[in-house]
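Only one structure is covered here, and it is reproduced in the block below.
The values are calculated or read from the model by the stated rules, or taken from the named source; none is laboratory data. Because the structure is a prediction, the values reported are computed rather than measured. Cβ placement follows ideal geometry from the backbone for every residue including glycine, while neighbour counts extend to all protein chains displayed. The accessibility values were calculated without ligands, DNA or RNA, using every heavy atom of the protein model including side chains. Shrake-Rupley method; radii C 1.70, N 1.55, O 1.52, S 1.80 Å.
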Amino acid sequence: MKLIAKSGLFVAATLLMVACGGPSETVETSEAQEVAEATGQTLTLDPNATTISWAGYKPAGKHFGKIPATTGTLSVNGEEITGGSFTFDITGLKIEDLEEGSENYGKLWGHLQSADFFDAENHPTATFEITGVEVFNAEDVITDKEEFVTEFTPASNSELSPEAPTHWISGNLTMRGTSKNIKFPAAVSIENGIVTAKAGFNIDRTAWGLSYGDEANAVDKAKDQFIYNTVSLQLDVKAN
């Protein structure tokens, strides 16, 4: 198995942190950066073999599910990723902890689609565009955010990350018309013309305007009247 070599296209930037509280953060987040110039062979995303899982948390419970990837390409020059972009269908979001078709499922799905969260009527898709790839070195550290402890404290970055990351991937994530650059560890490989990538990390949803129930506005967190700003994402991507 060949590991993808370090890309020279990573755009350096001072990273602006967005998560609330604690000595460390969710995922490294900055303003949108220049998209990597794609060169070499173009591979096509396999939607049937690609999953994007999400989990949101509140002190009294959590919800989780998947968002389908609809289209995408990945450019590879030899053993080096040179670019790529992916589109996700927000209106196709699935909730897996509730029975589809039930009243509670419909209420939560409608709320997530509303202007309180994704505002899917105006922004039905989300996109991710690669801006750079770096080798994950042995001395690199995955940081975890200190969260308010409840029965359903969000999973940490180190829990979500693949067991043996090979690379840091950075890219512009666009939701609700807002683009932010994120950087996260991933296990990436290329074999027989197929590229696979696995990643898991947290984002602060409020950086993209998904601010309903913002925990920063909670007057008394002990009353459990808030939704964690942390949202967990896990990606399993395949391109042929």
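Quick notes on this structure:
- Residue 109 meets all of the listed conditions (1) open to solvent by 30 Å² or more (accessible area, probe 1.4 Å); (2) in a strand (DSSP E or B) but one, namely (2).
- Within segment 129-139, being over 10 Å from residue 185 (Cα atoms) and open to solvent by 20 Å² or more (accessible area, probe 1.4 Å) holds for 129, 137, 138, 139.
- Listed by first and then second residue, the pairs linking a residue in segment 151-169 that is free of Cβ contacts under 8 Å to residues at least 24 places away in the same chain to a residue that is assigned to a loop (DSSP other than H, G, I, E, B), with Cβ atoms under 8 Å apart and 6 or more places separating them unless they lie on different chains, are 158/142; 158/144.
- The one condition in (1) surrounded by fewer than 17 Cβ atoms within 10 Å (Cβ to Cβ); (2) among the acidic types (Asp, Glu); (3) at pLDDT below 95; (4) under 30 Å from residue 220 (Cβ atoms) that residue 116 fails to fulfil: (3)
- Residues being surrounded by fewer than 20 Cβ atoms within 10 Å (Cβ to Cβ) and in contact with a Ser or Thr (Cβ under 8 Å, 6 or more places away or on another chain) - total across segment 68-83: 5
- Hits in segment 52-67 - residues which are under 20 Å from residue 92 (Cβ atoms) and open to solvent by less than 50 Å² (accessible area, probe 1.4 Å): 52, 53, 54, 55, 56, 63, 65, 67
- Applying a threshold of 7 Å to beta carbon distances and a minimum spacing of six or more residues, or different chains, the list of pairs starting in segment 85-97 at a residue that is basic (Lys, Arg) and ending at one that is surrounded by fewer than 17 Cβ atoms within 10 Å (Cβ to Cβ) reads 94/66.
- Condition check for residue 237: outside any helix (DSSP H, G or I), among the β-branched types (Val, Ile, Thr) and within 15 Å of the chain's Cα centre (by Cα): yes
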